[in-house]
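The values are calculated or read from the model by the stated rules, or taken from the named source; none is laboratory data. A quick note: this is a predicted structure, and the numbers were derived from the prediction, not measured. Cβ placement follows ideal geometry from the backbone for every residue including glycine, while neighbour counts extend to all protein chains displayed. The accessibility values were calculated without ligands, DNA or RNA, using every heavy atom of the protein model including side chains. Shrake-Rupley method; radii C 1.70, N 1.55, O 1.52, S 1.80 Å.
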Amino acid sequence: MTLEAIIYENGKLKILDQLLLPSVSKYITIEGVKDGWNAINKMQVRGAPAIAIVGSLSLAVEIYNENFDSKQSFKQEIENKLNYLVSARPTAVNMKIAADDLTSLVRELANDEAVTLHELKSSFLKSAERMLAKDISDNKAIGKCGADEILSNVPADCAIKILTHCNTGSLATAGYGTALGVIRSVHERSRLEHVYCTETRPYNQGARLTAYELVHDKLPATLICDNMVASLFKHRCVSAVVVGADRVAANGDTANKIGTYQMAVVAKHHGASFYVAAPLTSIDLTITSGGCITIEERPEREMTHIGELRIAAPGIACWNPAFDVTPADLITGIITEKGVFKPKELKDKITELAATEKKNEIL
Ligand code: MRU
């Protein structure tokens, strides 16, 4: 049975509170946009695709039973509330891309005289609701492309060891996962010898969430602390690292959970492949390089405390960036639902794909 972290039906939304995992599995109800913003900001839901889905669905919940005077007032409310949701966390681009897509849809339909207010609202709801199913099918495609790619580089009878970071599974997406989807797919082909997951300090998404998913799915898995990565490469012959992404720039530079960059450096030193697995909704072609990405800094309490227990000496200053940027030249490939791209070819390939899709829509 797969974990269902986001449950939506007919204007009602519940999410698994990730602050309580793994000790307590408790769903909380999201009543509207304010609850959505708080859940994202406090990290009751986290992971780039899940943030976008919960944010968009929290708006669907809010307007589900609301009556509007006109198409213009509907449009205005949607735009304002989407902008507010984008402000909950700055680094992951998925919520921004979802907001841009939903805003364009609403603007276009609001300006079309043939479309009624009722039709406008139901088109918006359908678009937001479709995100759950689309994310799962994208993740399955990412899993397949990634497993094909990684296994094509090893002998046919060989099982492999993979290292991953943070949580990119069912808890970070609508289900299956991105990097964890690739690992699941390798396992489904009986080619996964072992997966190693990092603890992912300071918030421990690896120890709390990835480890929870790996145990739940019965994958052969071992947890390591973040500072054991170089030793792992030296002693355990890891073939590949697969991580997720919060924002990939046009040149392939990738922002992901803090600690990703040092893993890429170590992988290069040991001659191992380093893959980023991400849906196209994590790729931001509007920025040229990773230097343009805003890196969120989180409260120091996430470093100084575990739960209620203070583990750092009182009075010490802390720096807590939630993400870092891995330079494109350390990345072997970016695994998407449409194929695996070298960082250098990413921009052209995605632009080409978008043009073909547009042409097919017209025909
Ligand atoms: O701070 P988080 O837990 O939201 O960070 C999550 C990550 O960095 C993930 O690797 C990324 O969002 C990809 S999730 C499929």
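From the residues in region 157-191 that are surrounded by fewer than 23 Cβ atoms within 10 Å (Cβ to Cβ), under 18 Å from A272 (Cα atoms) and not β-branched (V, I, T), which one is farthest from the ligand (Cβ to nearest atom)? Among residues in region 157-191 that are surrounded by fewer than 23 Cβ atoms within 10 Å (Cβ to Cβ), under 18 Å from A272 (Cα atoms) and not β-branched (V, I, T), the one farthest from the ligand (Cβ to nearest atom) is C158.
The single condition from (1) assigned to a helix (DSSP H, G or I); (2) basic (K, R); (3) crowded, with 19+ Cβ neighbours inside 10 Å that R130 fails is (3).
Can you confirm whether A60 is open to solvent by less than 50 Å² (accessible area, probe 1.4 Å) and either within 12 Å of the ligand (Cβ to nearest atom) or modelled with pLDDT under 95 (or both)?
no
Evaluated against (1) open to solvent by 20 Å² or more (accessible area, probe 1.4 Å); (2) more than 10 Å from the ligand (Cβ to nearest atom); (3) outside any helix (DSSP H, G or I), Y203 falls short on exactly one condition, (2).
Note on region 226-256: among residues that are within 16 Å of the ligand (Cβ to nearest atom), open to solvent by 20 Å² or more (accessible area, probe 1.4 Å) and not in a helix (DSSP H, G or I), the one that is farthest from R301 (Cα to Cα) is D253.
Taking region 277-330 as the range and being assigned to a strand (DSSP E or B) and either more than 16 Å from the ligand (Cβ to nearest atom) or surrounded by fewer than 17 Cβ atoms within 10 Å (Cβ to Cβ) (or both) as the test, the residues that pass are E297, H305, I306, L309, R310, P321.
Among the residues of region 22-47, the one identified as open to solvent by less than 50 Å² (accessible area, probe 1.4 Å), away from the ligand (no atom under 12 Å from the Cβ) and assigned to a loop (DSSP other than H, G, I, E, B) is G32. Among the residues of region 257-276, the one identified as open to solvent by less than 10 Å² (accessible area, probe 1.4 Å) and within 8 Å of the ligand (Cβ to nearest atom) is T260. L223: modelled with pLDDT of 95 or more and open to solvent by 20 Å² or more (accessible area, probe 1.4 Å), yes or no? Taking the combined requirement at face value, the residue satisfies it.
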